[in-house]
Amino acid sequence: MTKVVIQVNQDGVDYFKRVTNNIINLKKNLGVKLIECEIVVFGAGLGLLQSEDDTIRKRIKEILAFDMRFVVCNNTLTNKNVDVNNLQCSVNQAGSGVAHLVTRQEEGWAYLAL
């Protein structure tokens, strides 16, 4: 059984399309072996959850349908003055996205920086 934590900290529609496609492919290929997956969004990566692009929005819904969850860095929300309720979907929050990645790795989760 696999637990994966994924780092998203870059910006751009092409990057977001590539990342969401990779996440969906990960689930499709691992199937039931992938028991937990968190996508940790911080810094410039916050744009993923603010995107108005139809393809990205559709992929976010597909990712959520796989029971994967997005975790957003509170530091990023504060620094960018963004209300969590204005994001594209419901998210979990972490005080620090980077610290959350480290914690998950210490807990034995596989780590991907896409």
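Quick rundown of the values:
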| quantity | calculated |
| --- | --- |
| Test result for Leu49, over 9 Å from the mean Cα position of the chain (by Cα) and either assigned to a helix (DSSP H, G or I) or among the basic types (Lys, Arg) (or both) | no |
| Leading residue by the ranking (surrounded by the fewest Cβ atoms within 10 Å (Cβ to Cβ)) among those in region 17-44 that are among the hydrophobic types (A, V, I, L, M, F, W, C) and closer than 22 Å to Ser96 by Cβ | Ala44 |
| Selection within region 22-38 - within 13 Å of the chain's Cα centre (by Cα) and part of a strand (DSSP E or B) | Glu36, Cys37, Glu38 |
| Any chance Lys33 is touching a Phe, Trp or Tyr at 6+ places or on another chain (Cβ under 8 Å), basic (Lys, Arg) and under 27 Å from Met1 (Cα atoms) | no |
| Selected residue [out of contact with any strand residue (DSSP E or B) (no Cβ under 8 Å at 6 or more places or on another chain) and basic (Lys, Arg)] from Lys33, Lys28 | Lys28 |
| Strands (runs of 3 or more DSSP E) fully within region 69-114 counting 3 or more residues that are of a type in the set (Ser, Thr, Tyr) and in contact with an Asp or Glu (Cβ under 9 Å, 6 or more places away or on another chain) | none |
| Checking Leu112 against (1) touching a residue at least 40 places away in the same chain (Cβ under 8 Å); (2) crowded, with 20+ Cβ neighbours inside 10 Å, the condition it does not meet | (2) |
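Every residue, every condition in (1) closer than 16 Å to Gln7 by Cβ; (2) modelled with pLDDT of 95 or more; (3) of a type in the set (D, E, K, R); (4) more than 14 Å from the chain's Cα centre (by Cα), yes or no:
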| residue | (1), (2), (3), (4) |
| --- | --- |
| Ile60 | no, yes, no, no |
| Met68 | yes, yes, no, no |
| Asn75 | yes, yes, no, yes |
| Asn79 | no, yes, no, yes |
| Asp83 | no, yes, yes, yes |
| Gln88 | no, no, no, no |
| Ala99 | yes, yes, no, yes |
| Gly108 | no, yes, no, yes |
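The values are calculated or read from the model by the stated rules, or taken from the named source; none is laboratory data. Because the structure is a prediction, the values reported are computed rather than measured. In this analysis, Cβ positions are derived from the backbone assuming ideal geometry, glycine residues included, and neighbour counts consider all displayed protein chains.
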